Structure formats: C-alpha cells, structure tokens
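Right, one structure below, let's go through it.
Please treat every number below as a calculation from the coordinates, not as lab data. Remember, it's a predicted structure, so these values are computed and weren't measured experimentally. Methodologically, a virtual Cβ is constructed for each residue, glycine included, from the backbone with ideal geometry; neighbour enumeration extends over all protein chains shown.
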Amino acid sequence: MSLSEITAYRARILHFTAMPDPHTGAGVEYFDDGVLLVERGYIKALGSAADMAQQGLDLQQCQHFPLHLIMPGFIDSHIHYPQTRVIASYGEQLLDWLNDYTFPAEMVFSNPDIAAQRAQEFLQLLLQNGTTSAMVYTSVFAQSAHAFFAAAEQLNLRMIAGKVMMDRNAPPPLLDTPASSETDCRALIEAWHKHKRLQYALTPRFAPTSSPEQLAVVRKLYRAYPDVYLQTHLSENPQEIAWIKTLYPQSRDYVDVYDHYELLGARSVFGHGLHLSDREVERLAQSQSGIAFCPSSNLFLGSGLLDMARLERAGVAVSIATDVGAGTSFSQLRTLADAYKVLQLQGQNLHPLKAFYMATLGNARALQLDNCIGNFEPGKEADFILLNLNATPLQTLRQQSATHWVEQVFALMMLGDEHNIARTYIMGELVFQRGAH
Ligand code: GUN
Ligand code: ZN
C-alpha cells in the first residue's frame, strides 16, 4: 500500500454502520487501536492497527494519538446562525424570547458585511465543537443566506441552510412578502443548492409568522424543487399552539397546517414536536417527516420534554440538535447529556451508543446525507474529529475508573463539551486544533 497520497491516523476509533444494538454490538465498530486511512479527502479504509500492519501498512507512518478517540464529525440537525450572540438570554419562554431577544438580534443581518463576519464566527464555533455539518436557519434577509453559504463554501463544509421566510407577526423590518420570498428563494436555490457541498432548505420560520399566502409559496417552491429540504418549527410551546388555533382555524391541528400546504415529507425536518396528538405523530410517520430533538433548548425555554420513545415507536425519525440560540451550547456532547436527562425524567434511557449514533450516522440518515457522511465507510467524505477524553482533572479520574470503553464514552457524553474536541478535520484537512491559534 503506497502512503504517498494517503494519510493514516492511528487512535481509538468509534463509528456506526447502522442503528446500534447495545446488547449484541451490531451496528457498532470500535477499535481500541485502530487506523483510519484518508485519501484525497475521502475515507480509504478503516481497521485495527494489527490488521493494517499485516496488510503492509507501516505503522510508523501513522499520525498516532494513543489516548484519543476518533469519531465522524458531529451533525446538528437544527441551529440558527444569527442567534449566536443572544445565546443564554434570561427569563423568557418561546414567544417573549423571540420578541425580546431573537428578533432584535436578527435585524443586523440585513448588513451583508456583518452577516459575513457572523457566519464565519458561527462556523468556527461549530468546528471548535466538533460539528462538521448542520441544517441551519439564516435570517429573513437573503444577503444573510448568501453570506452563510459563501462562508461555508470557503471552508469546504457540507451544510444545509435557507433564508427564513416570515411575512407577519414579527417587527416590520424583519418581514418579507410572499412575492419577495419566492424571488429570493429561487435565486438562492439557483446559486447554492448542490453547489459543492451545499444544499438548500426552504425555511418558513413557523406557521405563526407566515401568512397562508406565503405557505402557498413554500408549497409551490417545494414542488418546483423537490430535492431541496424544508425546515420549520412545530409544536414547541403551549401558547404557540393556542395561537396556531386562532391563526389557522380551519386546520385540525398544527401538523395539519403544514400538511395542508404539502410541506410534510422525507426531506422535511420539524424542530421540537413536543406536544403532538396521536394523530399528528401518525401523520408525521406516514409522511416520513423528521423531528429535530433539541433538549437543551426545550429545557432552557421551558418548552417541555420530548417523548422520544413514542415518536420512535410510531416510526418517526428523530435527529438530535442544539437549536442555538435557544439551546445553550454548540456542543453535541452537552446536547446528548441534556437528552439523556430529558429522557430519564420520563423513564426512558439514551444508551451512549445510541446517542453517538444519533449525533453521527443517525443525523446523517435523518438529513439524507448518509451517502456521503456520517461514518467511515470507504468512499465517504473524511469529516472527522479527534476527541480528548481527559480534558479536565475530573474526567481523567472518571476515565481511569471505567472498566469498559462504553463506560468511557458515556462519561465523555455526560461530562464533555467543546474542550474535549482536540482536532476537527474537513475532507481530510485539519481545520481546528485546540490550543493552536
Ligand atoms: N420558533 C420560531 N422561531 C424560533 C426560533 O428561532 N427558535 C426556537 N427555538 N423556536 C422558534
Ligand atoms: Zn429553532
């Protein structure tokens, strides 16, 4: 095997080939001493160091991180880039939080220079947290979406994003119109959808801030561009749901509002979905729509606890997301820890293998990106992270007392944050190294 165009990384390695079964280990591939081979940005091979050596690999050629864990980059299925600087804003639940903090913060994104700078700042935070792909809300201003895509292109990131559409119930400077949003979305799709590693998501903020006329535009665009995505919010907060009843009196329920405009489907990701009726859950399942579980946001805004077991029983794909800035961390480690606690409160468990599956291959599947990212199958894009399991004195003590690697990754999930991300690689290139400036 020639190493001339291949880089070899030797470390502990964990990834998933399917939804894991913690009892049998099916779907899990773990190497205590593994080697990941990357060729020109793509995964070439993966195996134990012993097997690789037997196949002729000179282990001396490896970049060796004996104490670190390599995993595929994390994927975040729901996050707002204009909300970075209002993360951790005090005292409100959803509707007041939007009015008092979020909408004012999004106003400055009309300025393309500010938007460009904030997009870079946001993407750096993702990389520092080991998140290599995300499904992202920009702001209502088309220029903020252009700025985001340009910044992501510069870093060669695989990202899904869209311009927020909202034409009512927000401050006038933040409103578009059905016609302007159609023109802007068409231009953005033409410019960015499937351009390099970028894809477009139609992004009506949520039904309360779109008129029926605007939702009809979203339907028209989703029909015209069936391979784009759709993202919006659903059933997050009781006051929001009561408001939906007054705004859409003809609809049976919240899901029915989106259903009426043909917005459900396998490429549609609905944030939250906390307070759904059985009928709504069934309809989401039937239509193969996804739910983005945002535990840190749901706790922070006091929105409620996601009954994940109920959704999964019904066959709804549940992905995991930070929902920054209502979520209080960019870290998927912290998000998984919050998910664990939210489920514990309901007598449900989140096994660490399932949790790390969700943050990687599970989210890739939920976003229909598993053909190119999510695990270390040969041929996939080499977006991966190097995790330090001993980022604090307490973590070191806990890791030393663990008797099995699964116990170690559970401690990583419960105690970890961005300080555990030692390095982040995009298409085989080192783009973030902790401690290096
Ligand atoms: N519902 C409508 N907009 C938003 C938002 O920006 N964040 C959250 N968490 N919920 C929303
Ligand atoms: Zn959100």
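Structure above, values below:
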| item | result |
| --- | --- |
| The chain: angle of helix 405-415 to the longest principal axis, Cα-based, in degrees nearest 10 | 40 degrees |
| Distance between modelled label sites at residue 419 and residue 286, nm, 7 Å Cα→Cβ extension | 5.0 nm |
| Label point distance in nm, residue 436-residue 90, each placed 7 Å from Cα along Cα→Cβ | 4.0 nm |
| Cα long-axis angle, helix 332-344 against the chain (0 to 90 degrees, to the nearest 10) | 70 degrees |
| Over 24 Å between alpha carbons, listed pairs 163/354; 163/220; 194/220; 354/380; 341/380 | 163/354; 341/380 |
| Choice from 310, 267, 168 with maximal GNM fluctuation in the chain (Cα, 10 Å cutoff) | 310 |
| Sites residue 279 and residue 223, calculated FRET efficiency, Cβ-Cβ separation with R0 25 Å, nearest 0.05 | 0.50 |
| Residues residue 239 and residue 400, FRET efficiency given R0 of 41 Å [Cβ-Cβ distance, rounded to 0.05] | 0.30 |
| Extension gain from residue 110 to residue 6, taking 0.36 nm per residue of separation minus the Cα-Cα distance | 33.1 nm |
| Per-q log10 I(q)/I(0), segment 169-212, q = 0.16, 0.20 Å⁻¹ (Debye; single scatterer per alpha-carbon; no solvent) | -0.51, -0.72 |
| GNM result for the chain, Cα springs below 10 Å: residue of 102, 392, 24 fluctuating most strongly | 24 |
| Antiparallel content of DSSP bridges confined to the chain, in %, to 5 | 45 percent |
| Calculated [θ] (222 nm, deg cm²/dmol) that DSSP helices of n ≥ 4 give over the chain, each run adding -39,500 (n - 2.57) | -10000 deg cm²/dmol |
| Angle in degrees between helix 112-128 and the longest Cα principal axis of the chain, rounded to the nearest 10 | 40 degrees |
| Segment 5-74: GluC sites (Glu not before Pro) in DSSP loop, at most 12 other beta carbons within 10 Å | 5 |
| Radius, Kirkwood style, for the chain when every pair of distinct Cα atoms is counted (Å) | 22.0 Å |
| Sorted largest first, extent of segment 261-378 alpha carbons per principal axis (Å) | 42, 31, 27 |
| Linear extension gain, residue 390 paired with residue 30, 0.36 nm per residue minus alpha-carbon span | 127.7 nm |
| In nm, spacing of pseudo-spin labels at residue 55 and residue 246 (7 Å Cα→C-beta vector) | 6.4 nm |
| Candidates 352, 212, 82: whichever shows maximal mean-square fluctuation once the chain is modelled as a Gaussian network with Cα springs under 10 Å | 212 |
| Computed lengthening from residue 345 to residue 372, 0.36 nm per intervening residue step minus Cα-Cα distance | 6.2 nm |
